[in-house]
Structures are given as C-alpha cells and as structure tokens.
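Visitor: Here's a structure for you.
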Amino acid sequence: MARFGVLCCAVVLAVQLVSSLPVIPRADEVEDAKNALLMQREDLFQGDIAGIDMDNRNGILSPTKRWTNQKVPYVIDPKFTASQRAVVEVAIAQINNSTNVLLVLRTTETSYIFIQAGAVNTGCYSYVGRVGGRQIVNLQVPVPGYGTCITVGIAVHEITHAIGFYHEQSRTDRDNHVEINWNNINPNQRHNFNNYDEKTITHFGQPYDYDSVMHYGKYDFAIDRNVWTIRGKEPYEDTPIGQRRGLSPIDIAKMNAMYPIPKNPTTVAPTVQTDAPEPTN
Ligand SMILES: [Zn+2]
C-alpha cells in the first residue's frame, strides 16, 4: 500500500514536470493519467484484478464463473455521496441498456457484487467473473491529488471485470495488433503485459479492439510517464487506445457472446406473439 502511495506521489511530480514543458497536456489528459494510476496497483494482478495469485497467472475463465441467468445482483455502498452514486448508476444503466447482462439490486441472492466506496490508496479493482458470495468492486472516491475511480468509464471497466472479462491486451493475438515498450516498464511490473493462450481466455471471434474500455492506456505502468508503454502496431501507433468512456461496440458484442440470451425475447424475436392463436397440431 505504501509503495502505491509513493507511486501516486511520483506521478504528481511527473505531472508537474510535464506541465513545465512547452506542450502542456490538456486538463482532461492530466486527470485521465492520474485516474489511470489508480488502476495500476503493484500488489494486484494486472493492476486492478483481485483474487488471482500473482504467481499463478492462468486465470481460467470457466463457465462456472459466469453469472446465473445473466443476472448480476449488486449493492452500492451507502458511503458514496449522492453524486458519486449517480455516476455508478449511469455505469450500471449503460451495461443494462446495451447488453444482455442485467444488473439488479440485490434482494436475497448469496452471490453479488458490492460496489465499495474505496478509501485513499485503495485504487480501482475488481475480481474477474462470479466468485461466489459477496465480492467487492472497489472504486476509490475522489481525494485531492490522488485522482478518482468515480467516472462512468472506470466504473464500467471494473464492473465488466466482475461480469467476466480480462483486459483486451491479454488476448492471444495481441502481438499482431500492439507493440510493447518493455524498456519503459519496471521488470517487476512486466507481468502485467502478459498475454494468454486460447485455453485461458477467448475473444469470441471478435476483432482486436483498440477502443475497448478494457484496454490499457498508452502510458500505463510507464517508468517515464512521457513515453508510451503500449501502442498500436504500425500504422496504428497514433491510434488512441484504452478509452474510459464506456463499452465499445466490440465490448458489447463480446459481453453478449458470453451472455447470449436477449433480455426480452419478444422484442428480439417478433414472431413470438402472445396474442396469437394457439397452434393446432
Ligand atoms: Zn482492469
């Protein structure tokens, strides 16, 4: 935890250094970089994934880790302020409105996510898939100088982990699409850029997605924060990667491949009509 604090301070310094350069980053870029740090905890797998042994990176995503009936019961920590809670609810609504997954307020379910108002230096993190019982999705609330996890994009990212997804650049085929600047990543952080074979993860036949809400940002885990660590392969080296606005069209397609049953079959399959006469045989 202390190391994470040092990391945060280092970034504040880095941001100040950047500010003294002729090219001044936009305020939103500085904010994004500060917030992205909260997804880079040194003690968590790939910076923001809980529940995986750091020495055992074969986080197999088995069907048993999927949510029953595509429903994810949730509880929002009462410690959030009303405005923070509203941001989390927008993230939930985005997933509910665009995918087959249904996040529902928990009643008596034993397995559910608890969206926790995280204290300073706890960062943003989640488990991957249904763990069983109460599982935390941690969102650090705003603290001056430390950034925040209370943005719609970050909340969507962490909840998407809980629904069952790893990071986009973990894909088996990622080396065809991105290059990694290993020299700008601390040796003890390089494992965060591992990718996995098809026995471990699947991309459901979808194309590689620079625009995924689950992709790392270009400067994540950088030693020199002005130098990239991951970027698109030529000719895509300047393509933005790792947006934190919300689910991309490909994110949605993959979530719907994992959870294939539409929420309301009557709207998707209009041939089913409740007022039609009973078929006769
Ligand atoms: Zn993540």
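Bear in mind these aren't lab numbers, they're just calculated from the coordinates by the rules spelled out. Predicted model, so just to flag it, every value in this text is computed and none were measured. For neighbour counting, all protein chains shown are included, and Cβ atoms are generated from backbone atoms with ideal geometry for every residue, glycine included.
Visitor: When you count, for each residue, the other Cβ atoms within 10 Å and take the mean per peptide, how do 256-263, 66-73, 144-151 rank with the highest first?
Guide: In decreasing order of mean packing, 256-263, 66-73, 144-151 become 144-151, 66-73, 256-263.
Visitor: A further question follows. Whole percent per 10 Å bin, from 0 to the bin with the longest distance: what is P(r) over all C-alpha pairs of the stretch 112-188?
Guide: Per 10 Å bin, starting at zero, the Cα-Cα P(r) for the stretch 112-188 comes out as 18, 35, 34, 13, 0 percent.
Visitor: Can you tell me the FRET efficiency between residue 119 and residue 223 if r is taken as the Cβ-Cβ distance and R0 is 25 Å, rounded to the nearest 0.05?
Guide: Numbers: r = 27 Å, r/R0 = 1.09.
Working from the Cβ atoms, E equals 0.40.
Visitor: Which ³J(HN,Hα) values in Hz, rounded to whole numbers, follow from the phi angles of the stretch 248-264 under the Karplus curve 6.51 cos²θ - 1.76 cosθ + 1.60, where θ = phi - 60° and Gly and Pro get x?
Guide: 7, x, 6, 4, 5, 4, 5, 5, 6, 6, 6, 10, x, 8, x, 5, 10
Visitor: Over all directions, the average projected area of the alpha-carbon convex hull for the stretch 155-203 comes to how many nm²? Could you put the intermediate results ahead of the total?
Guide: Numbers: hull surface 17.3 nm².
Mean orientational projected area (the stretch 155-203, Cα hull): 4.3 nm².
Visitor: If each residue of separation counts as 0.36 nm, what is the full-extension length gain between residue 86 and residue 68 once their alpha-carbon separation is subtracted?
Guide: Numbers: separation 18, 0.36 × 18 = 6.48 nm, distance 2.64 nm.
Contour length minus Cα-Cα distance gives 3.8 nm.
Visitor: Shifting gears a bit: For residue 93 and residue 261, FRET efficiency with R0 = 22 Å and r from the beta-carbon atoms, rounded to 0.05? Don't skip to the end; give the middle numbers.
Guide: On the way: r = 20 Å, r/R0 = 0.91.
After rounding, the FRET efficiency stands at 0.65.
Visitor: At 20 °C and 1.002 mPa s, what whole-number value in µm²/s does Stokes-Einstein give for the translational diffusion of the stretch 49-187, with Rh from the Kirkwood sum over Cα pairs?
Guide: Approximately 133 µm²/s, per Stokes-Einstein.
Visitor: Something else now. Considering the dipole of the stretch 210-266 built from charges on the beta carbon (Lys and Arg +1, Asp and Glu -1) around the Cα centre, which of 240, 223, 259 is farthest to its positive end?
Guide: Projecting each Cα onto the dipole axis, the largest value belongs to 259.
Visitor: For the stretch 74-149, with only Lys/Arg (+1) and Asp/Glu (-1) charged at the beta-carbon, what is the dipole magnitude about the Cα centre, in debye rounded to 20? It would help to have the intermediate numbers written out before the result.
Guide: Values: 5 positive and 3 negative charges, 19 e Å.
Taking the Cα centre of the stretch 74-149 as origin, the dipole is about 100 debye.
Visitor: Follow-up question, since we're still on this one. Filter the cross-link list 218/254; 34/79; 233/254; 199/233; 71/233 down to pairs whose alpha-carbon distance in this structure exceeds 29 Å.
Guide: Details: 218/254 23 Å; 34/79 23 Å; 233/254 23 Å; 199/233 25 Å; 71/233 37 Å.
Listed pairs above 29 Å: 71/233.
Visitor: Fewest first, what order do 126, 248, 170 take by the number of other Cβ atoms within 10 Å? Don't skip to the end; give the middle numbers.
Guide: Details: 126 26, 248 18, 170 22.
With the fewest neighbours first, 126, 248, 170 line up as 248, 170, 126.
Visitor: Please compute the Cα-Cα pair-distance distribution of the stretch 102-257 with 10 Å bins starting at 0, giving whole percents from short to long.
Guide: 10, 35, 38, 14, 2, 0
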